[in-house]
């Protein structure tokens, strides 16, 4: 008996409406427009129930780095399901897939990372970070160091602690967040500033906001700073080159733990294994998820530096934290196969030296379009800032919806990109061919034209 029955598109839509609550969704609106039913994926493409072939310019949700249909990953999951589909890592137990993956993660990350704590998602990984950070300072005899500083418009997940770390006001308003002990400073979003400073000056100024806040709170109260190397869900905010070196200097000066949230930027997205490698930081924690399995199965975790792990091990006793699916064997087996595939095919280097520069060259030419105020891209993650006036870079009024209009045109024309306010963002799979990069650029240009012609930009 087949696990999934064959149904018509309308049947799927009806069942979805009647039974399924979606993430980050206005359900009343969804019930009016109906869900797009995605039925399969192949390479850089997804296919819907109408048979439409759609270039996946978002790698699913920033995660399907190696593309769809990679048999090595499918085989790894199958073999592990047959041998040991599940066992936990509680009660002094372990299993080969989690051990092997922990070792492999240490090999592809910076030298200070030899240990990893597994979770099931990026949100769980950042919840774990909060627990570890505060436990570390307790064990160091500084229990008052519990405040974690993050940034406005950051996204670190959807659980209570992770959403508190994030700086998205709608999430906070809806849930009575943040929890105590979380502070937020300005993000390094030069285009959204008054642009009175050069990008380099702005990068230093926004980084130094961290030092100001540490001094305001008291250095003996600040436990850690968390930041995405590039803010993904915030709109692909690429900080000026001066930003991260200054953040590192400040953390070093005050002994503040540095958390590099690698959920989106990890595993090759920027043309390096991790965003910390790209920007030259030396973090104490690297939460990860998404690209570790290329989304084939759920898995997250936290790479923990020796500085922290040694204290947790030597002084901590029992760490009262964990998840049923921490180090799930099938997920770990897929992650191993995924990382090895990336190594064997040189996909990280391909992002850095081949497909990344090729797409960026095409992407940058979109800056010529009358609707585009700025283009941004590093590796295979980029954004187009849509503006009301190209000369003054005047932005559209809040709620104008031009970004959503453009996104809808993109999907109708066979390309998935994401609208974040008035920014159109992309993060295609690493297996994207040059021809597919050309297609992505051509469709994006066409849909910018359609958006302009629609009147939404008036």
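Readers should treat all values here as calculations from the given coordinates under stated rules, not as data from a laboratory. Every value quoted in this text rests on a predicted model; they were computed, and no experiment measured them. All Cβ positions, even for glycine, are placed from backbone atoms using ideal geometry, and neighbour counts span all protein chains on display.
Starting from the Cα-Cα distance between residue 209 and residue 86, subtract it from 0.36 nm times their residue separation and give me the gain in nm to one decimal. Before the final figure, lay out the partial values.
Numbers: separation 123, 0.36 × 123 = 44.28 nm, distance 4.60 nm.
Gain on stretching residue 209 to residue 86: 39.7 nm.
Note on residue 307/residue 345: beta-carbon distance plugged into 1/(1 + (r/R0)^6) with R0 of 41 Å gives a FRET efficiency of 0.75.
P(r) for the stretch 72-171, from all Cα pairs and a bin width of 10 Å, is 12, 29, 36, 18, 4 %, short bins first.
For the chain, give the share of DSSP beta bridges that are antiparallel, in percent and rounded to the nearest 5; count only bridges with both residues there. Kindly include the intermediate steps, with their values, before the conclusion.
Details: 33 of 47 bridges.
Antiparallel bridges: around 70 percent, rounded to the nearest 5.
The share of Cα pairs per 5 Å bin across the stretch 31-73, counted from zero up to the longest distance, runs 6, 22, 27, 22, 14, 6, 2, 1, 0 percent. Using all pairs of distinct alpha-carbon atoms, the Kirkwood hydrodynamic radius of the chain works out to 23.0 angstrom. Subtracting the Cα-Cα distance of residue 193 and residue 445 from their residue separation scaled by 0.36 nm leaves 88.1 nm. Using the Cβ-Cβ distance between residue 411 and residue 160 with R0 set to 30 Å, the FRET efficiency from 1/(1 + (r/R0)^6) comes to roughly 0.40. Approximating the spin labels as points 7 Å out from Cα along Cα→Cβ, the residue 22-to-residue 453 distance works out to 2.7 nm. Here the convex hull built on the C-alpha positions of the stretch 293-384 has a volume of 178 cubic angstrom per residue. How high is the FRET efficiency from residue 249 to residue 38, r the C-beta distance, R0 41 Å, rounded to 0.05? Here the calculated transfer efficiency is 0.35. With N counted as the residues of the stretch 1-64, its alpha-carbon radius of gyration over 2.2 N^0.38 Å works out to 1.23.
With no solvent and one equal point scatterer placed on each C-alpha of the stretch 395-458, evaluate the Debye formula and give log10 I(q)/I(0) for q = 0.14, 0.28, 0.30 Å⁻¹, two decimals. Normalising to I(0) and taking log10 leaves -0.40, -1.23, -1.35.
Exposure proxy for 254, 189: other Cβ atoms within 10 Å of each Cβ, ordered fewest to most, give 254, 189.
Given the rule -39500 (n - 2.57) for each run of at least 4 DSSP H residues, summed and divided by the residues of the chain, what is its mean residue ellipticity at 222 nm, to the nearest 500 deg cm²/dmol? Let's see the in-between values first.
On the way: 17 runs with 191 residues, N = 458.
Only helices count here, giving -12500 deg cm²/dmol.
Its Cα gyration tensor gives the stretch 336-430 an equivalent ellipsoid. The semi-axes, each the square root of 5 times an eigenvalue, are 30, 15, 10 Å from largest down. Each peptide in 173-186, 420-433 was scored by the mean count of other Cβ atoms within 10 Å over its residues; highest first, the order is 420-433, 173-186.
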